[in-house]
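This report concerns only the one structure given below.
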Amino acid sequence: MNEPIIEVKHLSKKFGNFEAVKDVSFTVNKGDVFGFLGPNGAGKSTTIRCLLSLISPNAGSIAIFGKQLASHRSQILNNIGCIIEKPDFYRYLSAEKNLEIFARISGSDSTKKDIQEMLEFVGLDGRGKDKVKGFSHGMKQRLGIAQTLLHKPDLIILDEPTTGLDPQGIIEVRNLILRLKTEQNKTVVLSSHQLSEIEIIANRMVIINKGKSVIEGSVESLVNEQELLLQIELSDAENAIKVIGMEYPTLKVKHLYGSTIEIALEKELVPKINYLLVNKGFEIHSLEPKRKLEDFFMKIIQE
């Protein structure tokens, strides 16, 4: 049975006459890597700030670890690690010294050995004595994740942790988030614009738009609900479109480029389309299914 770690119900937050969050509800279960998605201005950052008690909602409720945030704030926050936008450090101090300072601030009893293990975990082994001013953006992000682990929290909240990173940095942070779940048994809430990253690492997600929850569920099941886009590279694309249209007049088939066509269809039809084309003498060079979170996200937002 799933154990809820976060339960948000009908959350709303106003800034003057502007209603940044209107009606957001979602549940994060223990062990989730939970994707928190939405376009710019959807209310993601405002909701996260409410979760961390940085601002107070106007209505709705937030329960974390089975307790109401409003009445158990200190107890709950002591078991949460977070990065909001980008972590800040003392640039002219070493990575080790920064973590020692943040450990004292957080009341953590982390030893020098603990700090060394955290640096090793985030891939900064051997860089502990180096000043942070010489670190790349990706290294600072990984050091920030080490900082969130100092007090051994069960819940990690990351707001746009891959923003501004190069492809290598994105891969490093992605792998680190997966290890937080698999090796550290952490529950992770991940707000991100990198939809491809959410598709790879998250098991559940919620999409919010214009301050409201739109849809919530497992990433795999939600993405699989949409039609499959099948791209086929074959001989004589134009005639292939005619053949498919005669046999399956309701299917949407279009010529993408060169010898490649694209068909929107149910996955059960894929072998039938392949058989039809081969039987009609077409040479099939490749069949590639396209069912991406980005497509699903845009469909939901547009609707």
From the list Lys181, Lys152, which one is of a type in the set (Lys, Arg), part of a loop (DSSP other than H, G, I, E, B) and in contact with a strand residue (DSSP E or B) (Cβ under 9 Å, 6 or more places away or on another chain)? Lys152
In region 278-291, is there at least one residue being on the phi > 0 side of the Ramachandran plot and not hydrophobic (A, V, I, L, M, F, W, C)? yes
Testing Gly164 on (1) in contact with a helix residue (DSSP H, G or I) (Cβ under 8 Å, 6 or more places away or on another chain); (2) buried (at least 19 other Cβ atoms within 10 Å of the Cβ); (3) not assigned by TED's automatic domain parsing to the domain that holds Tyr257, one condition comes back false. Which one is that? (2)
Only one of Val173, Val189 is surrounded by 14 or more Cβ atoms within 10 Å (Cβ to Cβ), part of a strand (DSSP E or B) and among the hydrophobic types (A, V, I, L, M, F, W, C). Can you tell me which? Val189
So, first residue in contact (Cβ under 8 Å) with a residue 12 or more places away in the chain in region 43-58, second residue of a type in the set (D, E, K, R) and in a loop (DSSP other than H, G, I, E, B), Cβ within less than 9 Å, six or more apart or across chains; the pairs are Gly43/Lys210; Lys44/Glu160; Ser45/Glu85; Ser45/Glu160
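A quick yes/no check of all residues on (1) outside the structural domain of Leu149 (by TED's automatic domain parsing); (2) polar (S, T, N, Q); (3) exposed (fewer than 15 other Cβ atoms within 10 Å of the Cβ):
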position	(1), (2), (3)
Phe18	no, no, yes
Lys22	no, no, no
Asn29	no, yes, no
Lys67	no, no, yes
Ala70	no, no, yes
Ile76	no, no, no
Leu93	no, no, no
Leu99	no, no, no
Ser110	no, yes, no
Could you identify the single residue in Gly134, Gly123 that is within 24 Å of Lys181 (Cα to Cα) and either touching a residue at least 24 places away in the same chain (Cβ under 8 Å) or not acidic (Asp, Glu) (or both)? Gly123
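Are there any helices (runs of 4 or more DSSP H) wholly within region 192-282 with 2 or more residues that are under 32 Å from the mean Cα position of the chain (by Cα), and if so which?
Working: elements: 195-201, 219-224, 237-247, 270-279.
Passing ranges, in order: 195-201, 219-224.
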Evaluate region 240-260: report whether one residue or more is surrounded by 12 or more Cβ atoms within 10 Å (Cβ to Cβ), in contact with a Lys or Arg (Cβ under 7 Å, 6 or more places away or on another chain) and without any contact (Cβ under 8 Å) to a residue 40 or more places away in the chain. yes
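The values are calculated or read from the model by the stated rules, or taken from the named source; none is laboratory data. A quick note: this is a predicted structure, and the numbers were derived from the prediction, not measured. Don't worry about glycine lacking a Cβ; one is built from the backbone with ideal geometry, like all the others, and counts go over all protein chains shown.
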